[in-house]
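The values are calculated or read from the model by the stated rules, or taken from the named source; none is laboratory data. Worth saying up front: this structure is predicted, and the values here are computed from it rather than measured. So basically every Cβ, Gly included, is an ideal-geometry build from the backbone, and we count neighbours across all protein chains shown.
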Amino acid sequence: MTPNRRNAVFAAAFVTVAFGMVGMSFAAIPLYRLFCSVTGYAGTPKIGPEASPGAVDQTVRVRFNADTNPALPWQFSPDSNEMTLKLGDEQVAFYHARNLTQTPVTGMALYNVTPEKAAKYFHKTACFCFNRQTLAAGQKMEFPVSFWVDPAIAQDPSTADVQVITLSYTFFRSLDDAAQSGALDKAGPHIGPMSASELKALESKPDAQTN
């Protein structure tokens, strides 16, 4: 093989490896989120087509937490800090945000569940996460999330002691900001359109999506 031929082969191999490494880096985050959504690892709710099995007598407290990345000039908080619900009973909770600036600002929310061991039993059927949300100057908007907790959580020896589950959302200006903070690695995927119960709850709130 001539020197020129060897150089050409080496260059082609280098480019192939470089593109492969770049492709793997872009694929790592969605693959990690898929793994988490299936297993409940890292505080990601287990996502699936299961419908709520219906309420049982046992209850659990769900706390709602809200954070805002410093780069996003919004106020963001839950309408209620906590609710007690029966296992297997689908419920709807609301968060609200307000743009504090005089210009439109777009944000995107990520979520997580703690304790991590309870995440696989926490089912979110619809939420506002991973959707770009644009608020006009000074605008306030309500964001609903519907969810249920699997009664199996009380039968699992590793989670039978869980009495409180915390659902946390953080709004970022962009996915780049979320990635830099490390939050993207533990975030769950978006979970489809709003459910019927979520739409009904949203329609019953007269101040929903108003300035």
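Laid out as a table, the results:
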| read-out | value |
| --- | --- |
| Residue count for region 67-105, restricted to those that are more than 19 Å from the chain's Cα centre (by Cα), polar (S, T, N, Q) and within 17 Å of GLU142 (Cα to Cα) | 1 |
| Selection within region 64-92 - in contact with a helix residue (DSSP H, G or I) (Cβ under 9 Å, 6 or more places away or on another chain), buried (at least 17 other Cβ atoms within 10 Å of the Cβ) and small (Gly, Ala, Ser) | GLY88 |
| Condition met for ALA137 (touching a Ser or Thr at 6+ places or on another chain (Cβ under 8 Å) and assigned to a loop (DSSP other than H, G, I, E, B)) | yes |
| Any hit, region 149-165, residues being surrounded by 17 or more Cβ atoms within 10 Å (Cβ to Cβ), part of a strand (DSSP E or B) and hydroxyl-bearing (Ser, Thr, Tyr) | no |
| Residue list for region 62-92, restricted to those being at pLDDT 95 or above and touching a Leu at 6+ places or on another chain (Cβ under 8 Å) | VAL62, ARG63, PHE64, ASN65, PRO73, TRP74, GLN75 |
